[in-house]
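J.: Attaching a single structure in structure tokens format; questions to follow.
Only the coordinates and a few stated rules stand behind these numbers; no lab work does. Fair warning: this is a prediction, and the values are worked out from it, not measured in the lab. Here the Cβ is made from the backbone with ideal geometry for all residues, glycine too, and neighbour counts use every protein chain on show.
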Amino acid sequence: MEDRSAPGALFIAFEGVEGAGKSTQIKLVANELRGVGIEPVVTREPGGTRAGEAIRAVALNREIDLDPMAELLLMLAARSVFVREVVRPAYDAGRIVLTDRYELSTFAYQGGGRGLSLDSIRELNHLATGGLRPDLSLILDVDVDQGRARQARGAADRIEGEGLDFHRRVAQAYRELAYSQPDVALVDGREEIERVFAAVWGVLNSRFPETFPPREG
Ligand code: T5A
């Protein structure tokens, strides 16, 4: 991140394919933080703001056709508002922000999945975020089939409804991102929920021990 504004501030993004367990792990991390007296800001992308939720409704609506560039620009429009209204104020106030998806989703889905140029995504993402990057992106790595099987039955949204090849390219892009950047960690998300949580907390504890103390037991 470019400018650390307040002591204690942290911005952590949870990433992964559909049904990887991001929301589940965010809830567990938030509860554990509350147990040590910290109330985190829990949010998601696309969404987290009024404009962002409206953009999400369009971007994920399977009745609406979007070409890959239009999809990218919608994600980034939502992100621009998200940074300005949610992340930046919380960060400046020294809060811990836990978000379900952020910029790696764009590299994985619009880059790996849709095949858009990573350089263009990087440039446009920088414009949308003003360079605000997570302190850590934590990717929950699961097999695409396993993630899809975990999701509630019901109508898939526009992106969930893409074919297996698309989702495999997304998963592969995530793995490549994990090995190319030091502020990205890959956690095996295939285990049962409590074991994944132990691994997630272990990563957080090793990176930010003052905020995420060792768990008892
Ligand atoms: N998108 C987003 C882009 O294309 N580009 C972008 O830039 C951005 C920001 C957003 C969509 O937008 C796309 C990507 C997405 O397609 P979403 O709602 O965030 O949509 O994405 P999903 O991944 O579809 O959300 P899910 O809620 O399905 O997945 P989660 O949060 O990863 O999974 P979770 O925690 O809700 O768990 C799903 C189910 O599995 C169980 C849970 O209890 C739940 O029932 N579960 C487990 N079961 C067994 N073992 C475990 N370890 C489990 N962990 C969770």
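J.: Can you give the longest run of the chain that contains no trypsin sites (Lys or Arg not before Pro) sitting in a DSSP loop with at most 16 other Cβ atoms inside 10 Å? Could the numbers behind the result be given before it?
T.: On the way: sites that count: ARG4, ARG62, ARG153, ARG158, ARG190, ARG215.
The longest such stretch corresponds to 63-152.
J.: I've got another one for you. Membrane-span-like helices in the chain: DSSP H runs reaching 30 Å or more (Cα, own axis), mean Kyte hydropathy at least 1.6?
T.: On the way: long enough: none.
Helix filter hits for the chain: none.
J.: What are the GluC sites (Glu not before Pro) within the range 1-84 that DSSP puts in a loop, where the Cβ has at most 14 other Cβ atoms within 10 Å? If you can, show how the numbers build up before the last one.
T.: Working: sites: GLU2, GLU15, GLU18, GLU32, GLU53, GLU63, GLU71; in loops: GLU2, GLU18, GLU63.
Passing both the DSSP loop test and the Cβ count: GLU2, GLU63.
J.: At 7 Å along Cα-to-Cβ for each site, give me the label-to-label distance between ASP143 and ARG50 in nm.
T.: Each label point is offset 7 Å from its Cα along the Cβ direction, giving 4.6 nm.
J.: Exposure proxy check: MET69, MET75 ranked by fewest other beta carbons within 10 Å? Mind showing how you got there, number by number?
T.: Details: MET69 13, MET75 26.
Ranked by crowding around the Cβ, least crowded first: MET69, MET75.
J.: Measure of size requested: the Rg and Dmax of the chain, with Cα atoms as the atom set and Å as the unit; please supply both.
T.: Every Cα atom of the chain included, Rg and Dmax give 16.5, 51 Å.
J.: What is the mean projected area of the alpha carbon convex hull for the range 32-155, to one decimal in square nanometres? Could the numbers behind the result be given before it?
T.: Numbers: hull surface 36.2 nm².
Hull-based average projected area comes out at 9.0 nm².
J.: Would you mind giving the average projected area, over all directions, of the Cα convex hull of the range 28-67 in nm² with one decimal?
T.: On the way: hull surface 15.6 nm².
With every direction weighted equally, the projected area is 3.9 nm².
J.: Hey, could you get me the Stokes-Einstein D for the range 1-100, Kirkwood radius over alpha-carbon pairs, 20 °C and 1.002 mPa s, rounded to whole µm² s⁻¹?
T.: 147 µm²/s
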